1. So, L542, is that one of a type in the set (A, V, I, L, M) and either closer than 27 Å to S649 by Cα or buried (at least 18 other Cβ atoms within 10 Å of the Cβ) (or both) or not?
2. When you check E290 against the structure, is it modelled with pLDDT under 80, under 19 Å from H10 (Cβ atoms) and assigned to a helix (DSSP H, G or I), yes or no?
3. In the stretch 582-610, what count of residues is obtained for those that are within 16 Å of ligand 1 (Cβ to nearest atom) and surrounded by fewer than 15 Cβ atoms within 10 Å (Cβ to Cβ)?
4. What are the pairs, 6+ residues apart or on separate chains, where a residue within the stretch 602-621 that is more than 15 Å from H665 (Cα to Cα) has its Cβ under 7 Å from a residue that is in a loop (DSSP other than H, G, I, E, B) and away from ligand 1 (no atom under 16 Å from the Cβ)?
5. Take the residues of the stretch 137-160 that are within 29 Å of L357 (Cα to Cα) and in contact with a helix residue (DSSP H, G or I) (Cβ under 6 Å, 6 or more places away or on another chain): which is modelled with the lowest pLDDT?
6. Among the residues of the stretch 520-537, is any more than 16 Å from ligand 1 (Cβ to nearest atom), crowded, with 16+ Cβ neighbours inside 10 Å and hydrophobic (A, V, I, L, M, F, W, C)?
7. Is there a residue in the stretch 711-730 that is under 21 Å from R661 (Cα atoms), within 16 Å of ligand 2 (Cβ to nearest atom) and of a type outside the set (S, T, N, Q)?
8. State all residues of the stretch 611-646 that are within 14 Å of ligand 1 (Cβ to nearest atom), modelled with pLDDT of 95 or more and aliphatic (A, V, I, L, M); if no residue qualifies, say none.
Amino acid sequence: MIKGIPQVGHRQLLSQIRQIMADEGNAQERLDGLVAAIARNLQAQVCSLYLRRPDASMELWATYGLASSAVHVTRLGAGEGLVGEIVRLAKPLNLTEAPKHPEFSFHPETQEDPFHGFLGVPVLRGGRLLGVLVVQSREARHYSDEDMEALQNVSMVLAEIVSSGDLLSPNELENVALRPMRAEVLSGRRISDGLAVGRAVLDMPGRVNTNPVADDPEAEKQRLISAISELRRSVDALYQGKGNRLGGPSREVLEAYRMFANDQGWMDRLVEAASAGLSAEAAVERVRGEHRARFRNAKNPYLRERLHDLEDLANRLLRHLGAIEDLASLPKDAVLIARDIGPAGLLELDRSRLKALVLEEGSPTSHAAIVARALRLPVVGQVAGVLDRVSEGDTVLLDGESGSVFIRPDGDVEAAFRARVAERRARRAAYARLRDKPACTRDGQRIKLSMNAGLRVDLPQLEESGAEGIGLFRTEFQFLLSDHLPKQNEQTRLYHDVLDAAGDRPVVFRTLDLGGDKVLPYVAHERESNPALGWRAMRMALDRPGLLRYQFRALIDATAGKELNIMFPLITTLGEFRSAKALLEAEIGRMKRFGKNVPQSVRIGSMIETPAIVWQLDELLHEVDFVSVGANDLMQYFFAADRENPRVSERYDILNTGSLRMLGHVAKLCNQAACPVSVCGEIAGQTVEAAILIALGFTELSVPPAAIGPVKRMILSLDQNDLGINLAQWLAKESLAKAGAEAIVSIREQFLNYAQTNGLPL
Ligand code: PEP
Ligand code: MG
């Protein structure tokens, strides 16, 4: 039995509102009609609508009962009065004696002094507060739960109407925070480079606003109840492991889903909203909006996580209601707008129709980001509030170079953007012409340019980019994208495919680099307080060598009769390298004993990713066949700044004199020992940093495939020797002593001046 189902009178209110909205007449007249209908229905003497202005003040937009001369005149400052209190709490306020409330503020022009009973509710859309709807009564009165329910439902409908742009034209909304038809530019973080023009597809329902009021509330309630039952069944099935698709939610998340899906309070709120006359979809949206508004600013990460669960659950419910189309059938030129997306979800989308992705969350080092880059899909992340500001079908221009997203752009902006797209295409064509040209500096230094890879989708890039090999194959990606531990033969098959695609070009396989942020959803793990400094990569592999042994077998099998190039991640001591090498040799010995084919030759390398191993290089270089500098991690540990944490990850310039000295030390020792060395972190693919690395003496770079063209173009104009001499001067103690503090921190400015004077294309 569901409590508090409102009377039929409240239901009729929603139909009346629909009628008023469909009437002829200007927007103000219709809003006036609307507040009058609400006041009548709730037997209140006053009903007022306040809308939020961009400066966060609340403007009286329509009223029944207060002085009409106060409309568009009365403005409450941010946080002022009872309306301000509702904005702050993002929840209803029901007061028998409003003037006694400490936040009560009196505006004489409204002539509201005689009113005592007060009920106000926020007007929310997608968790964003658009306004406040208030009813007041002359006598001291406590509005009933049913009244409150009714007012919240009306405010939900009102939010949809206001934001749809049907009621108020862009001019009328000029001074309101929500101007849905207006061009907007939002900024976020660059996640995957590229420019795109397309139409918005929301990874949440955009169709609710077409008809938020049910034609037949009883039927709507039944439709919602049966969708909830289906949802519960499907969550149970997921939990029991049936139909758990690739990369689906982890068990922990499923536990939370199950708990919420069976939560009576959630169900009651949904059904109450539908019983009151909202469509089933609008009921889901209403409850979701309330949760969002309440949890969004929660400091507690646990609560914020629960909001994600509730959002996902609401989306699932809308799918059961048929309100969200399957994203597999994207329209042409789609720009998908989503809260976040996992790597597996991304791979399921139709790349021929998907032009770009905008995320409210998302991090540049996440696995989805890596997959997006492999797919060459432009992505901008951390765009706050984008889901609330974009409507399905809006034109979107996405600039993955600067991290900007243009919504509903003006004609001029779109034309200028399309010109940039054309220019970029021309640049790419120019890079393609360099494909077969060897990367050689002007003074004759040959630079080997390889690419980083980790997925099958990367492999065609070998041909297209002109890479000379794969300098880093991240084997853990197969594990991260799978919903189960890949079997030995599945691993072997992938490595075979990689070697087939590479042909004569060398491939360096890096053994599993798990732990830290790379957690397998299907393997239980203990939370660590500092995962980047924790039980990861080789530490994990040496403590539990079973997984590593299987991987060695797969690699030995796939490279039988050929050359196996293998390297170990996150080596911190010589002992770790020796132990890993001994394990590999033991596996090769074992395979031989079983009469299996083994690689014709084996080259074993170490990654240089910890400052600790940099200071043991002298010894390490006697034992390795090659090394590769994993600059992403090396810099994270050098600066003690988490590469995953946007607050600190870009805080220190890699062209800092300290880090350059360390990198120079690595290049010098390797060159002296004639030990092949490459750099494979992201910096190797950035033209400025790549030039400096070459000047330091590195002659091999392994970079993301899209970086090969730009880096090669820079190399062809570079004089390694000359830049090397200049760099040595910039780093010399005497010049640092003379330079200002800024120059000591980084040599970037000196280099950029040098590049400009010497016409170095960056
Ligand atoms: C690195 O740390 O620079 C590296 C190449 O490895 P990953 O980015 O996979 O940690
Ligand atoms: Mg690394």
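1. On the way: of a type in the set (A, V, I, L, M): yes; either closer than 27 Å to S649 by Cα or buried (at least 18 other Cβ atoms within 10 Å of the Cβ) (or both): no.
Against the criterion (of a type in the set (A, V, I, L, M) and either closer than 27 Å to S649 by Cα or buried (at least 18 other Cβ atoms within 10 Å of the Cβ) (or both)), L542 does not qualify.
2. Working: modelled with pLDDT under 80: yes; under 19 Å from H10 (Cβ atoms): yes; assigned to a helix (DSSP H, G or I): yes.
When the stated conditions are applied, E290 passes them.
3. Count: 0.
4. Every condition considered, the pairs that remain are R603/D625; I604/V624; I604/D625; G605/V624; G605/D625; S606/V624.
5. Taking the stretch 137-160 as the starting set, the residues that turn out to be within 29 Å of L357 (Cα to Cα) are 156, 159-160.
After this cut, where a residue has to be in contact with a helix residue (DSSP H, G or I) (Cβ under 6 Å, 6 or more places away or on another chain) as well, the list is 156, 160.
Details: M156: 83, E160: 73.
Once the filter is applied, the top-ranked residue is E160.
6. For the stretch 520-537, residues more than 16 Å from ligand 1 (Cβ to nearest atom), crowded, with 16+ Cβ neighbours inside 10 Å and hydrophobic (A, V, I, L, M, F, W, C): absent.
7. No.
8. Of everything in the stretch 611-646, those that are within 14 Å of ligand 1 (Cβ to nearest atom), modelled with pLDDT of 95 or more and aliphatic (A, V, I, L, M) turn out to be I613, V614, V627, V629, A631, L634, M635.
The values are calculated or read from the model by the stated rules, or taken from the named source; none is laboratory data. This is a predicted model, so every value here is computed, not measured. Backbone-built Cβ (ideal geometry, glycine too); neighbour counts: all protein chains shown.
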